[in-house]
Amino acid sequence: MKKRIQNRFVADYILMFLISTLIGVLTVMLLSFANDVISKNLVHHNYTAEKIMTDDLSVMDAEPVLENGGGVQVVTKNYEIIFSQGINNLPEVLNPETFTNFLTQSNAIGNPYSYSIAYNPRAEFWLLVTFPTSVRIDFAIVHNPDFSSVDTQGVAGVILAIILFYLILLGISTVIYSKLTSLSIINPLKKLCSSASRLKEGDYTSRVDLNLDNEFGELETIFNEMADEIEKEIALRKQSEENRKKLIVDISHDLKNPLASIMGYAELCLIKKEITTEQLQAYLTTIYNNSSRANRLMADLFELSKMETSDYVLVKEQLDFTEYLREQMGEAVANLEGAGFSYVFQLPDQEIMAEVDRQQLSRVFENLVDNAINHNQAGTQIDLILVDHPGMIEVRFKDNGVGISSELKEKIFEPFVKGDPARSSENGGTGLGLAIVRKVMVAHGGTIKLATENTAGSEFILFLPKS
């Protein structure tokens, strides 16, 4: 299952939430700890009821409490207030019930006063020391707006320091975490940009290796496939350009000889004053033969070029391929016998239906026959075998002649490749016949190949789809 980037973001946000929560809990614990530490240094801890308690109220020193903004009250066992200075939060009507409620509420959470209460059993009275709360944290931040406290500035400074510490810690953790999590996006993007830049600069071997199972992995596959296609297109373009240059050179070379002969013998006819009828006939025959060679070359070249364009369209028809091939070989018999060739045609009796362009496919067998005649001596035997396969027709065209050299077998279907250049020129071969044969076969959805295992002669194997 692919790990989507969206899922990764959700996981990152959840993890960041947990980290923030942990930092918050840590900060609250730190605030609580600070509250305990700070409270021990506050004035209400330095001047408690126990510390200023005396049996004789006339010698009790309440001045430090009053100087620090506090208050002191003395309540008898009969709930009478016999001494009161400074802050007094006792109920107006004092009785067992109201006094008990006051004592209960004195340590309640959120109380804006800090109380220190002690009972003197010998003199039988309650002593209350009251200070206004500066800032106290007891799961509620408590502040007394009615009375100022001498501890406010110190406590506020500590709390601000803790809050600042929390924000710094949260900010640092956020930055570090965002840096770490962003690497999962930034690093793949950097690699993709780098590979794209190399591709743009002409390095068509550039590829991306992310090894990720998410959208970036899909993008890696698409990018690499695109780079493969571009590299193939560039290679094909270079090959096409090389073929074009080679084609121009080959055309120039193949036209050079017949044109030179035509010009030479035509010049002889013009400048030679005394020329016999026999010589004139020979000169004109040479001119005609070379003109025919040049014309065949241009015709084959035109045909091959037409096959490279979108205008080349096959006009197919349903026919009995066995009977069609029998007709083609029947037309070739005269040429084979004229060249001194023997032949054996192995054609089945049953009907084999195929959809082909009769005229274009005729060029295939005409060129194979002409190719065999042009490159072999008299006495060569031609064998043609038709084999019916499920969904496919196989045709084997072979001879026991001179064969094809190993260095030519790999490129025998390329334009202007000739097995024996001297003999091809002598017999009028253009070197385009087998290239045209392959184009026609491919256009029909078939193939042609040269059997490489033969030690003598040559064998071409053709495959065509059945209808």
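Derivation of every value follows stated rules applied to the coordinates shown; laboratory data play no part. Remember, predicted model here, so these are calculated numbers, not experimental data. Note that we place each Cβ from the backbone using ideal geometry, even for glycine, and neighbour counts take in every protein chain shown.
A few points about this structure:
- Scoring residue 341 on the criteria (1) under 22 Å from residue 438 (Cβ atoms); (2) buried (at least 16 other Cβ atoms within 10 Å of the Cβ); (3) hydrophobic (A, V, I, L, M, F, W, C) leaves a single failure, condition (1).
- Filter result for residue 367 (out of contact with any Gly (no Cβ under 7 Å at 6 or more places or on another chain) and under 20 Å from residue 296 (Cβ atoms)): no
- Residue list for the range 373-417, filter: acidic (Asp, Glu) and surrounded by fewer than 20 Cβ atoms within 10 Å (Cβ to Cβ): 383, 388, 394, 407, 410, 414
- Near pairs, Cβ below 6 angstrom, 6+ apart or cross-chain, from the range 294-308 (closer than 12 Å to residue 251 by Cα) to any residue that is hydrophobic (A, V, I, L, M, F, W, C) and not in a helix (DSSP H, G or I): 300/432
- For residue 386, the stated conditions do not hold, so it cannot be described as assigned to a helix (DSSP H, G or I), closer than 14 Å to residue 464 by Cα and touching a residue at least 40 places away in the same chain (Cβ under 8 Å).
- Residue check: residue 407 meets all listed conditions (1) free of Cβ contacts under 8 Å to residues at least 24 places away in the same chain; (2) touching a Phe, Trp or Tyr at 6+ places or on another chain (Cβ under 7 Å) but one, namely (2).
- Candidate set: the range 252-279, residues that are over 16 Å from residue 291 (Cβ atoms) and aliphatic (A, V, I, L, M); chosen: the one surrounded by the most Cβ atoms within 10 Å (Cβ to Cβ): 275
- Restricted to strands (runs of 3 or more DSSP E) entirely inside the range 269-372, those with at least 2 residues that are more than 29 Å from residue 400 (Cα to Cα) are 317-320, 353-356.
- If you go through the range 80-116 and keep only what is under 20 Å from residue 46 (Cα atoms) and in contact with an Asp or Glu (Cβ under 8 Å, 6 or more places away or on another chain), you end up with 112, 116.
- Flag if residue 234 is exposed (fewer than 12 other Cβ atoms within 10 Å of the Cβ) and β-branched (Val, Ile, Thr): no
- Positions within the range 260-293 being without any contact (Cβ under 8 Å) to a residue 40 or more places away in the chain and charged (D, E, K, R), in sequence order: 267, 272, 273, 274, 278
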